[in-house]
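Peer 1: Quick one: structure below, then a few questions.
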Amino acid sequence: MGLAIEGVGVTAGGRTILQNVTARIAPGTLVAVIGPNGAGKSTLVKAMSGERRPAVGRVRLHGDDVSALAPAELAMQRAVLPQATSIAFPFTVFEIVGLGLRQRAGVDAAMRRLEVRRALAAVDLEGFGERLYQRLSGGEQQRVQLARVLCQIGKPVADDRAKLLILDEPTSSLDVRHQIAVLSIARRFADEGGLAVAVLHDLNLAVGFSDRLMVLEGGRLVADGKPEELLEGPMLAETFGTRMVVIKPPGWARPAVLPDLPRLDPQPR
Ligand SMILES: Nc1ncnc2c1ncn2[C@@H]1O[C@H](COP(=O)(O)OP(=O)(O)OP(=O)(O)O)[C@@H](O)[C@H]1O
Ligand SMILES: [Mg+2]
């Protein structure tokens, strides 16, 4: 049971963009997918969600091939926050978050209002329901999209099956307090028995919140393990091509990662 990624390879435009990725993710786990731009992170999570059918291999959720599941079935078992979302129409926040409930059977108007209100509260956007999405700030828009995804997924476990929550760079537009709040939502989803996968560029959030890091580079899974173990070796510095130090401030629950910044010498005039 859980999510099984079995020898997945993806090609696009005649190029191999993901190669031979194999991993298993158990319910109750939050995995952070990290790696440089273009490494294949979004492609991997699209394969996990069933949005992109692999050229070779397959992804199974509790035994079922995700690219063979009917869209309505898939929508009940997993929800995805994409890296970018464009909305071309003047929808209100309420309407967008409510889209997440479309596939759920038996949701009447009163329940719909309640669920949307709850999801907006979870992302710290109480009272935003009547606002026009397009007029919100970038970070507010990102949190509205997360609320939509939370409405869609509902509880982390249903009928004894863990649901899959996939977040592709969910914190890219957020201030630090909201970054922590959003990762805490993913953490709680996993702690309550769900399967959570987050693509992250912030190594501190990845290390601080996840049970496990999957590191992609050039379309390959180059490391997969506990954050503390991966921090010890040179692997992260090599993957990102930058020196970094790991610090463990007294009293902090998790280590922090700092990249080495270039010296800013005064420019000669
Ligand atoms: N449909 C496509 N056609 C051609 N190339 C593609 C396609 N989709 C992705 N790629 C290429 O595959 C590689 C991996 O893309 P992907 O979006 O998975 O990267 P990523 O790790 O999510 O990067 P980022 O951190 O910038 O979001 C990139 O080089 C990208 O240009
Ligand atoms: Mg991406």
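Peer 1: Ala121 versus (1) surrounded by fewer than 14 Cβ atoms within 10 Å (Cβ to Cβ); (2) closer than 20 Å to Ala4 by Cα; (3) of a type in the set (Gly, Ala, Ser); (4) under 21 Å from the mean Cα position of the chain (by Cα): which is the lone unmet condition?
Peer 2: That leaves (2) as the condition not met.
Peer 1: Does Val97 satisfy being within 16 Å of ligand 1 (Cβ to nearest atom), on the phi < 0 side of the Ramachandran plot and surrounded by 17 or more Cβ atoms within 10 Å (Cβ to Cβ)?
Peer 2: Details: within 16 Å of ligand 1 (Cβ to nearest atom): no; on the phi < 0 side of the Ramachandran plot: yes; surrounded by 17 or more Cβ atoms within 10 Å (Cβ to Cβ): yes.
When the stated conditions are applied, Val97 does not pass them.
Peer 1: Let me ask you something else. Could you check the range 151-173 and list, in sequence order, the residues that are small (Gly, Ala, Ser), within 16 Å of ligand 1 (Cβ to nearest atom) and touching a residue at least 60 places away in the same chain (Cβ under 8 Å)?
Peer 2: From the range 151-173, those small (Gly, Ala, Ser) are 154, 158, 162, 172-173; that's our starting set.
With the extra rule that they be within 16 Å of ligand 1 (Cβ to nearest atom), the set shrinks to 172-173.
Matches in the range 151-173: Ser172 only.
Peer 1: Here's another thing I want to ask about it. Working only within the range 1-25, note down all residues that are surrounded by fewer than 16 Cβ atoms within 10 Å (Cβ to Cβ) and within 11 Å of ligand 1 (Cβ to nearest atom).
Peer 2: Thr11, Ala12, Gly13, Gly14, Arg15
Peer 1: Just checking, which of Ala84, Ala32 is crowded, with 21+ Cβ neighbours inside 10 Å, more than 17 Å from Gly7 (Cα to Cα) and within 16 Å of ligand 2 (Cβ to nearest atom)?
Peer 2: Working: Ala84 fails: crowded, with 21+ Cβ neighbours inside 10 Å.
Result: Ala32 is the single residue among Ala84, Ala32 that is crowded, with 21+ Cβ neighbours inside 10 Å, more than 17 Å from Gly7 (Cα to Cα) and within 16 Å of ligand 2 (Cβ to nearest atom).
Peer 1: Being more than 19 Å from the chain's Cα centre (by Cα), on the phi < 0 side of the Ramachandran plot, of a type in the set (S, T, N, Q) and modelled with pLDDT of 95 or more, is that true of even one residue in the range 17-25?
Peer 2: The first filter runs over the range 17-25 and keeps only residues more than 19 Å from the chain's Cα centre (by Cα), leaving 17, 19-20.
If we keep only those that are on the phi < 0 side of the Ramachandran plot too, we end up with 17, 19.
Applying the additional criterion that residues be of a type in the set (S, T, N, Q) yields 19.
Going one step further and asking which of them are modelled with pLDDT of 95 or more, we end up with 19.
Checked against the condition, which is being more than 19 Å from the chain's Cα centre (by Cα), on the phi < 0 side of the Ramachandran plot, of a type in the set (S, T, N, Q) and modelled with pLDDT of 95 or more, the range 17-25 yields at least one hit.
Peer 1: Which residue, of Ile5, Ile17, is within 13 Å of ligand 2 (Cβ to nearest atom), in contact (Cβ under 8 Å) with a residue 12 or more places away in the chain, under 28 Å from Leu231 (Cβ atoms) and not in a helix (DSSP H, G or I)?
Peer 2: Details: Ile5 fails: within 13 Å of ligand 2 (Cβ to nearest atom).
Sole residue among the options that is within 13 Å of ligand 2 (Cβ to nearest atom), in contact (Cβ under 8 Å) with a residue 12 or more places away in the chain, under 28 Å from Leu231 (Cβ atoms) and not in a helix (DSSP H, G or I): Ile17.
Peer 1: Residue under question is Asp202, and the condition is that it be out of contact with any strand residue (DSSP E or B) (no Cβ under 8 Å at 6 or more places or on another chain), among the charged types (D, E, K, R) and more than 16 Å from ligand 2 (Cβ to nearest atom); does it hold? Before you say what the answer is, go through the steps one by one.
Peer 2: Numbers: out of contact with any strand residue (DSSP E or B) (no Cβ under 8 Å at 6 or more places or on another chain): yes; among the charged types (D, E, K, R): yes; more than 16 Å from ligand 2 (Cβ to nearest atom): no.
In short, no.
Peer 1: Go through the range 174-210 and give me each residue that's within 14 Å of ligand 1 (Cβ to nearest atom) and either in a helix (DSSP H, G or I) or surrounded by fewer than 24 Cβ atoms within 10 Å (Cβ to Cβ) (or both). Let's see the steps before the verdict.
Peer 2: Let us first name the residues in the range 174-210 that are within 14 Å of ligand 1 (Cβ to nearest atom), namely 197-203, 206.
Those that are within 14 Å of ligand 1 (Cβ to nearest atom) and either in a helix (DSSP H, G or I) or surrounded by fewer than 24 Cβ atoms within 10 Å (Cβ to Cβ) (or both): His201, Asp202, Leu203, Ala206.
Peer 1: What are the residues in the range 69-94 that are assigned to a loop (DSSP other than H, G, I, E, B), in contact with a helix residue (DSSP H, G or I) (Cβ under 9 Å, 6 or more places away or on another chain) and within 16 Å of ligand 1 (Cβ to nearest atom), if any?
Peer 2: Pro82, Gln83, Thr85
Peer 1: Of all residues in the range 26-47, which are of a type outside the set (S, T, N, Q), within 12 Å of ligand 1 (Cβ to nearest atom) and under 15 Å from the mean Cα position of the chain (by Cα)? Full working, then the answer.
Peer 2: Here is the first cut: in the range 26-47, the ones of a type outside the set (S, T, N, Q) are 26-28, 30-36, 38-41, 44-47.
Adding the requirement that they be within 12 Å of ligand 1 (Cβ to nearest atom) leaves 33-36, 38-41, 44-47.
Of everything in the range 26-47, those that are of a type outside the set (S, T, N, Q), within 12 Å of ligand 1 (Cβ to nearest atom) and under 15 Å from the mean Cα position of the chain (by Cα) turn out to be Val33, Ile34, Gly35, Gly40, Lys41, Leu44, Val45, Lys46, Ala47.
The values are calculated or read from the model by the stated rules, or taken from the named source; none is laboratory data. These numbers come from a predicted model, not from an experiment. Note that each Cβ is placed from the backbone with ideal geometry, even for glycine, and that neighbours are counted across all protein chains shown.
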